[in-house]
Amino acid sequence: MRATAAALPGEPGPAIGILGGMGPEATVDLFAKIVRATPARVDQDHVRVIIDNNPKIPDRTAYLRGCGPDPVPAMVAGIRGLVSLGATLILIPCNTAHVYFDRLQAESPVPILHIMREVARALAPGGDPAAGLAAGGPVGLLATELTVASGLYHRALAEVGLQVLVPEPAYQAQVTRAIFGPDGIKAGVYGPARQRLLEAGAHLVERGARVLIAGCTELPLVLRPGDFPVPWVDPAEILARAALARVLGAPVEVGRR
(Lines give C-alpha, C1' and ligand atoms only; values in the text may rest on other atoms or scores of the structure.)
Protein backbone atom coordinates (compact mmCIF):
# COMPACT_ATOMS: atom_id res chain seq x y z
CA MET A 1 0.00 0.00 0.00
CA ARG A 2 1.30 3.43 -0.88
CA ALA A 3 0.96 6.61 1.13
CA THR A 4 -0.75 8.28 -1.81
CA ALA A 5 -3.66 5.89 -1.49
CA ALA A 6 -4.95 8.00 1.39
CA ALA A 7 -5.06 11.26 -0.55
CA LEU A 8 -6.09 12.74 -3.85
CA PRO A 9 -3.29 13.86 -6.19
CA GLY A 10 -1.67 17.00 -4.81
CA GLU A 11 -3.22 16.63 -1.34
CA PRO A 12 -0.86 15.84 1.57
CA GLY A 13 -2.99 13.15 3.22
CA PRO A 14 -2.35 12.02 6.81
CA ALA A 15 0.86 13.26 8.35
CA ILE A 16 3.25 11.99 11.00
CA GLY A 17 4.40 14.64 13.46
CA ILE A 18 7.76 14.26 15.21
CA LEU A 19 8.25 16.16 18.46
CA GLY A 20 12.03 16.28 18.28
CA GLY A 21 15.13 17.95 19.61
CA MET A 22 15.51 15.46 22.49
CA GLY A 23 18.16 15.04 21.06
CA PRO A 24 18.54 16.40 17.55
CA GLU A 25 20.50 13.45 16.12
CA ALA A 26 17.88 11.01 17.38
CA THR A 27 15.26 13.13 15.61
CA VAL A 28 17.17 12.94 12.32
CA ASP A 29 17.60 9.20 12.83
CA LEU A 30 13.86 8.59 13.32
CA PHE A 31 13.00 10.61 10.23
CA ALA A 32 15.51 8.64 8.18
CA LYS A 33 14.03 5.37 9.44
CA ILE A 34 10.53 6.45 8.44
CA VAL A 35 11.74 7.35 4.95
CA ARG A 36 13.69 4.11 4.54
CA ALA A 37 10.85 1.92 5.80
CA THR A 38 8.24 3.49 3.52
CA PRO A 39 7.24 1.26 0.57
CA ALA A 40 7.87 4.01 -1.97
CA ARG A 41 9.07 4.01 -5.57
CA VAL A 42 8.77 7.75 -6.22
CA ASP A 43 8.69 10.84 -4.00
CA GLN A 44 4.92 11.01 -4.03
CA ASP A 45 4.64 7.56 -2.43
CA HIS A 46 6.14 8.84 0.83
CA VAL A 47 4.08 10.08 3.76
CA ARG A 48 4.14 13.65 4.91
CA VAL A 49 6.34 14.12 7.98
CA ILE A 50 6.27 17.32 10.04
CA ILE A 51 9.17 17.86 12.45
CA ASP A 52 9.57 20.28 15.33
CA ASN A 53 13.21 19.89 16.27
CA ASN A 54 13.23 21.93 19.45
CA PRO A 55 16.39 21.35 21.54
CA LYS A 56 15.27 24.12 23.93
CA ILE A 57 12.71 21.83 25.60
CA PRO A 58 13.81 21.72 29.26
CA ASP A 59 15.75 18.68 30.44
CA ARG A 60 13.36 15.81 31.14
CA THR A 61 15.49 14.34 33.92
CA ALA A 62 16.38 17.57 35.73
CA TYR A 63 12.73 18.43 36.43
CA LEU A 64 12.04 15.12 38.16
CA ARG A 65 15.16 15.65 40.26
CA GLY A 66 13.85 19.04 41.37
CA CYS A 67 16.50 21.10 39.60
CA GLY A 68 14.87 22.33 36.41
CA PRO A 69 11.63 23.62 34.87
CA ASP A 70 8.74 21.39 33.88
CA PRO A 71 9.27 20.32 30.23
CA VAL A 72 5.63 19.44 29.62
CA PRO A 73 4.34 22.92 28.65
CA ALA A 74 7.01 23.22 25.93
CA MET A 75 6.28 19.69 24.73
CA VAL A 76 2.53 20.34 24.62
CA ALA A 77 3.13 23.55 22.66
CA GLY A 78 5.22 21.56 20.19
CA ILE A 79 2.53 18.91 19.79
CA ARG A 80 -0.17 21.51 19.20
CA GLY A 81 2.04 23.24 16.66
CA LEU A 82 2.53 19.98 14.78
CA VAL A 83 -1.21 19.32 14.80
CA SER A 84 -1.91 22.83 13.52
CA LEU A 85 0.31 22.00 10.53
CA GLY A 86 -1.60 18.81 9.78
CA ALA A 87 -0.07 16.07 11.95
CA THR A 88 -2.54 13.26 12.61
CA LEU A 89 -0.18 11.13 14.70
CA ILE A 90 2.67 12.16 17.03
CA LEU A 91 5.99 10.42 17.65
CA ILE A 92 8.49 11.38 20.35
CA PRO A 93 12.03 10.10 19.65
CA CYS A 94 13.06 10.21 23.30
CA ASN A 95 12.46 7.27 25.61
CA THR A 96 12.83 9.33 28.79
CA ALA A 97 10.20 11.82 27.64
CA HIS A 98 7.62 9.03 27.86
CA VAL A 99 7.68 9.48 31.64
CA TYR A 100 5.33 12.37 30.83
CA PHE A 101 3.25 10.44 28.30
CA ASP A 102 -0.08 10.55 30.15
CA ARG A 103 0.13 14.31 30.64
CA LEU A 104 1.06 14.82 27.00
CA GLN A 105 -1.66 12.57 25.59
CA ALA A 106 -4.26 14.31 27.77
CA GLU A 107 -3.35 17.61 26.08
CA SER A 108 -2.96 16.25 22.54
CA PRO A 109 -5.88 16.33 20.09
CA VAL A 110 -4.35 13.40 18.15
CA PRO A 111 -2.86 10.06 19.24
CA ILE A 112 0.73 9.80 20.44
CA LEU A 113 2.41 6.43 19.89
CA HIS A 114 3.97 5.05 23.07
CA ILE A 115 7.45 3.76 22.26
CA MET A 116 7.60 1.21 25.10
CA ARG A 117 4.24 -0.29 24.21
CA GLU A 118 5.22 -0.59 20.55
CA VAL A 119 8.45 -2.37 21.54
CA ALA A 120 6.47 -4.73 23.77
CA ARG A 121 4.10 -5.55 20.89
CA ALA A 122 7.04 -6.27 18.64
CA LEU A 123 8.74 -8.57 21.14
CA ALA A 124 5.60 -10.35 22.30
CA PRO A 125 5.17 -13.97 21.22
CA GLY A 126 3.39 -13.77 17.88
CA GLY A 127 4.11 -10.03 17.72
CA ASP A 128 5.74 -8.02 14.95
CA PRO A 129 7.50 -10.60 12.73
CA ALA A 130 9.59 -7.78 11.27
CA ALA A 131 11.42 -7.57 14.60
CA GLY A 132 12.91 -10.93 13.68
CA LEU A 133 12.90 -12.01 17.31
CA ALA A 134 11.32 -14.54 19.58
CA ALA A 135 12.67 -13.38 22.92
CA GLY A 136 10.92 -15.87 25.18
CA GLY A 137 13.22 -14.96 28.07
CA PRO A 138 14.74 -12.03 29.97
CA VAL A 139 15.12 -8.79 28.02
CA GLY A 140 18.12 -6.60 28.84
CA LEU A 141 17.54 -2.85 28.96
CA LEU A 142 20.16 -0.23 28.11
CA ALA A 143 18.64 3.17 28.91
CA THR A 144 18.97 6.34 30.95
CA GLU A 145 18.69 6.09 34.73
CA LEU A 146 15.32 7.82 34.63
CA THR A 147 13.92 5.50 31.97
CA VAL A 148 15.09 2.50 34.00
CA ALA A 149 13.75 3.90 37.28
CA SER A 150 10.40 4.82 35.71
CA GLY A 151 9.58 1.16 35.10
CA LEU A 152 7.97 1.99 31.75
CA TYR A 153 9.68 -0.85 29.92
CA HIS A 154 9.14 -3.19 32.87
CA ARG A 155 5.39 -2.62 32.84
CA ALA A 156 4.98 -2.73 29.07
CA LEU A 157 6.97 -5.96 28.72
CA ALA A 158 5.34 -7.57 31.76
CA GLU A 159 2.01 -7.21 29.97
CA VAL A 160 3.31 -9.54 27.24
CA GLY A 161 4.95 -11.93 29.69
CA LEU A 162 8.56 -10.75 29.42
CA GLN A 163 10.99 -10.03 32.26
CA VAL A 164 13.39 -7.07 32.17
CA LEU A 165 17.00 -7.14 33.33
CA VAL A 166 18.78 -3.84 34.04
CA PRO A 167 22.51 -3.23 34.52
CA GLU A 168 24.05 -3.33 37.96
CA PRO A 169 24.95 0.16 39.27
CA ALA A 170 28.52 0.28 37.95
CA TYR A 171 27.37 -0.69 34.46
CA GLN A 172 24.38 1.65 34.61
CA ALA A 173 26.84 4.44 35.34
CA GLN A 174 28.69 3.43 32.17
CA VAL A 175 25.47 3.70 30.14
CA THR A 176 24.69 7.10 31.65
CA ARG A 177 28.16 8.38 30.83
CA ALA A 178 27.89 6.97 27.30
CA ILE A 179 24.82 9.14 26.76
CA PHE A 180 25.38 12.31 28.82
CA GLY A 181 29.10 12.38 29.61
CA PRO A 182 31.60 14.91 28.21
CA ASP A 183 32.82 12.05 26.02
CA GLY A 184 29.30 10.76 25.34
CA ILE A 185 26.93 10.59 22.41
CA LYS A 186 25.12 13.86 23.12
CA ALA A 187 28.51 15.57 23.08
CA GLY A 188 29.21 14.04 19.67
CA VAL A 189 31.91 11.66 20.92
CA TYR A 190 31.09 8.16 19.72
CA GLY A 191 34.12 5.92 20.31
CA PRO A 192 34.26 5.84 24.12
CA ALA A 193 30.45 5.74 24.32
CA ARG A 194 30.30 2.72 22.06
CA GLN A 195 32.86 0.84 24.17
CA ARG A 196 30.94 1.53 27.38
CA LEU A 197 27.70 0.32 25.82
CA LEU A 198 29.35 -2.85 24.53
CA GLU A 199 30.57 -3.60 28.04
CA ALA A 200 27.18 -2.91 29.64
CA GLY A 201 25.40 -5.01 27.01
CA ALA A 202 27.81 -7.91 27.49
CA HIS A 203 27.15 -7.69 31.23
CA LEU A 204 23.40 -8.11 30.63
CA VAL A 205 23.97 -11.05 28.30
CA GLU A 206 26.13 -12.72 30.96
CA ARG A 207 23.24 -12.31 33.39
CA GLY A 208 20.89 -14.12 31.02
CA ALA A 209 19.41 -11.54 28.66
CA ARG A 210 18.27 -13.16 25.42
CA VAL A 211 17.64 -9.88 23.63
CA LEU A 212 18.72 -6.30 24.36
CA ILE A 213 16.74 -3.07 23.99
CA ALA A 214 18.68 0.05 22.99
CA GLY A 215 16.28 2.02 25.19
CA CYS A 216 17.67 5.49 24.51
CA THR A 217 17.21 6.86 21.00
CA GLU A 218 20.88 7.92 20.87
CA LEU A 219 22.22 4.40 21.36
CA PRO A 220 21.56 3.12 17.81
CA LEU A 221 23.77 5.93 16.57
CA VAL A 222 26.79 3.97 17.81
CA LEU A 223 25.63 0.34 18.01
CA ARG A 224 25.81 -2.03 15.03
CA PRO A 225 24.17 -5.35 14.11
CA GLY A 226 26.16 -8.23 15.56
CA ASP A 227 27.65 -6.20 18.39
CA PHE A 228 26.32 -8.70 20.94
CA PRO A 229 25.92 -12.49 20.98
CA VAL A 230 22.15 -11.93 21.21
CA PRO A 231 19.95 -9.68 19.05
CA TRP A 232 19.34 -6.08 20.03
CA VAL A 233 16.33 -4.01 19.03
CA ASP A 234 16.08 -0.36 18.06
CA PRO A 235 12.89 1.20 19.52
CA ALA A 236 13.03 4.05 16.98
CA GLU A 237 12.94 1.52 14.13
CA ILE A 238 9.95 -0.19 15.71
CA LEU A 239 8.26 3.19 16.28
CA ALA A 240 8.82 4.19 12.65
CA ARG A 241 7.23 0.97 11.35
CA ALA A 242 4.32 1.26 13.79
CA ALA A 243 3.62 4.82 12.67
CA LEU A 244 3.73 3.89 9.00
CA ALA A 245 1.45 0.92 9.59
CA ARG A 246 -1.03 3.26 11.29
CA VAL A 247 -0.88 5.86 8.51
CA LEU A 248 -0.83 3.43 5.58
CA GLY A 249 -3.25 0.95 7.07
CA ALA A 250 -1.00 -2.04 6.40
CA PRO A 251 2.08 -3.69 7.97
CA VAL A 252 5.44 -2.38 6.83
CA GLU A 253 8.17 -4.79 5.82
CA VAL A 254 11.68 -4.55 7.21
CA GLY A 255 14.94 -4.63 5.29
CA ARG A 256 13.93 -2.79 2.12
CA ARG A 257 17.35 -1.11 1.99
How much accessible surface does Arg196 have with a 1.4 Å probe, in Å² rounded to 10? 30 Å²
Under Stokes-Einstein, with the Kirkwood radius over Cα pairs standing in for Rh, what whole-number D in µm²/s applies to the chain at 4 °C and 1.567 mPa s? 70 µm²/s
Subtracting the Cα-Cα distance from 0.36 nm times the residue separation, let me have the gained length for Val42 to Ala250 in nm, one decimal. 73.0 nm
Angle in degrees between helix 24-37 and the longest Cα principal axis of the chain, rounded to the nearest 10: 60 degrees
Roll a 1.4 angstrom probe over the protein heavy atoms and tell me the percent of accessible area of the chain that is carbon or sulfur. 55 percent
Taking the Cβ-Cβ separation of Glu168 and Cys67 as r and a Förster radius of 35 Å, what is the calculated FRET efficiency to the nearest 0.05? 0.85
Here the gain from full extension of Val28 to Val110, 0.36 nm per residue of separation minus their alpha-carbon distance, amounts to 27.3 nm
For the chain, the per residue accessible area (1.4 Å probe, Å²) is 44 Å²
What whole number of Å gives the distance from the Cα centroid of region 40-72 to the Cα centroid of region 200-252? 20 Å
Measuring from the longest principal axis of the C-alpha atoms of the chain, the long axis of helix 235-248 (C-alpha) lies at a number of degrees, nearest 10, equal to 20 degrees
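The values are calculated or read from the model by the stated rules, or taken from the named source; none is laboratory data. In this text the structure is predicted, and so the values were computed from the model without any measurement. Positions of Cβ are generated from backbone atoms using ideal geometry, with glycine treated the same way; all protein chains shown enter the neighbour counts. Each accessible area value is taken on the protein alone, full model and side chains, heavy atoms only, with ligands, DNA and RNA left out. Shrake-Rupley method; radii C 1.70, N 1.55, O 1.52, S 1.80 Å.
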